Amino acid sequence: MSAILRRCLAPWLLLAMLGAPQALAQQVAGTLGAVGSDTMAGLMLRWGEALTRQHPGIRLQLQTSGSASAPPALVAGTTRLGPMSRPMNEAERRAFIERHGYPPREVAVARDALVVVVHRHNPLESLGERELDAIFSDSRRCGAREGINRWRQLGLDEPEGRIRLHGRNAASGTQALFRRVALCGGHFRPEVNEHPGSAAVVAAVAEDPRAIGYAGLNHLTPGVKALARRDAEGTRHFPDPRAVRRGDYALSRDLYLYLNLPPGESLPAAERAFLDLVLSPAGQAIVEELGFVALPETRRLRQRQGLALDDAGR
């Protein structure tokens, strides 16, 4: 065989040795843009790092301004991936459909829960549904007769004084869930200090013995104590993984990726690689490593099938 012929055949021989699918997979490249949830920032970054290890030609560019920033970016076409810690509302869906002519594709990628936190030295252990609403809300739609402004109204001698409130800002899906469930759809007190992320809420509560706040389960630190929620019968409920996975804990939720994917079209190669990772056992292991809750196995596999990913589930 001549030297020229060997040089021409070399790439094809290498491809055969590696296996065509694997060699082609390594050629996947591109930039993935994602705009949306602050809650999901750590998840997206870890998934992006894992994806780049598998496909060195892919890079994730992430902007985390809150869940409310995802739908406008998807509508405008400045991103094709929108991480959100709440479902899109009807107005957001309608705006997307009016612009693109089809609905956004919704993919659940993990489970999460919200917890109410107090300073680590606060003796409080749990709150009833009406108590929680009366602390954070000025509308008291859950049925409390009066607002709760001071710690002594909860039967505590310590801490003394007014309760200092901390929560998320209006762009956050975390605030939307807490308002809908914990406040029975009511309105927050104007004195709630709003923060752009759950980590900031937890840090503020850890520094102030009179503080209380709500945050994502995966942001807990030794400086705060998570409170149980009491139902109408007085039973205490904690956000353990099984309860969160089943949805039995009232403040549990799905975390989503919204996609701009026209009906009948396949995912572009880079996005397909990303979703393949996210909905794989390795991707769901990252979910649990970061303190979230993995999807139920049947749901993970069903979504893989719906996105025409490989049936093996890797």
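Of the helices (runs of 4 or more DSSP H) lying entirely inside segment 172-283, those containing at least 3 residues that are of a type in the set (Val, Ile, Thr) and buried (at least 20 other Cβ atoms within 10 Å of the Cβ) are 198-206.
Contact map, segment 270-290: first residue closer than 13 Å to LEU43 by Cα, second residue at pLDDT 95 or above and loosely packed, with under 15 Cβ neighbours inside 10 Å, Cβ cut-off under 6 Å, separation 6 or more or different chains; the map is empty. Each residue in segment 76-96 was checked for being small (Gly, Ala, Ser) and out of contact with any strand residue (DSSP E or B) (no Cβ under 7 Å at 6 or more places or on another chain), and 4 pass.
Can VAL75 be described as in a strand (DSSP E or B) and over 20 Å from LEU43 (Cα atoms)?
When the stated conditions are applied, VAL75 does not pass them.
Could you check, for segment 235-255, whether at least one of its residues is within 30 Å of ALA204 (Cα to Cα), among the hydrophobic types (A, V, I, L, M, F, W, C) and touching a Leu at 6+ places or on another chain (Cβ under 6 Å)? Yes: segment 235-255 contains one or more residues that are within 30 Å of ALA204 (Cα to Cα), among the hydrophobic types (A, V, I, L, M, F, W, C) and touching a Leu at 6+ places or on another chain (Cβ under 6 Å).
When segment 132-149 is limited to residues that are touching a residue at least 40 places away in the same chain (Cβ under 8 Å) and part of a helix (DSSP H, G or I), the one that is nearest to ARG230 (Cα to Cα) turns out to be LEU132. Among the residues of segment 132-143, those identified as in contact with a strand residue (DSSP E or B) (Cβ under 8 Å, 6 or more places away or on another chain) and either among the small types (Gly, Ala, Ser) or surrounded by fewer than 17 Cβ atoms within 10 Å (Cβ to Cβ) (or both) are SER137, ASP138. Inside segment 84-124, residues that are over 27 Å from ALA285 (Cα atoms), among the small types (Gly, Ala, Ser) and within 21 Å of the chain's Cα centre (by Cα) make up a count of 1. How many residues does segment 42-68 contain that are basic (Lys, Arg) and either closer than 18 Å to THR78 by Cα or in contact with an Asp or Glu (Cβ under 9 Å, 6 or more places away or on another chain) (or both)? Residues that pass the stated criteria total 2. For segment 149-171, a residue qualifies if it is in contact with a helix residue (DSSP H, G or I) (Cβ under 8 Å, 6 or more places away or on another chain), under 27 Å from SER85 (Cβ atoms) and surrounded by 13 or more Cβ atoms within 10 Å (Cβ to Cβ), and the qualifying residues are ILE163, LEU165, HIS166, GLY167, ARG168, ASN169, ALA171.
Each residue in segment 284-314 was checked for being within 17 Å of ALA50 (Cα to Cα), of a type outside the set (Asp, Glu) and part of a helix (DSSP H, G or I), and 4 pass.
Could you list, in sequence order, the residues of segment 160-171 that are at pLDDT 90 or above and either within 33 Å of the chain's Cα centre (by Cα) or hydrophobic (A, V, I, L, M, F, W, C) (or both)?
ARG162, ILE163, ARG164, LEU165, HIS166, GLY167, ARG168, ASN169, ALA170
The values are calculated or read from the model by the stated rules, or taken from the named source; none is laboratory data. These figures come from a predicted structure and were not determined experimentally. Note: ideal-geometry Cβ built from the backbone for every residue, glycine included; neighbour counts use all protein chains shown.
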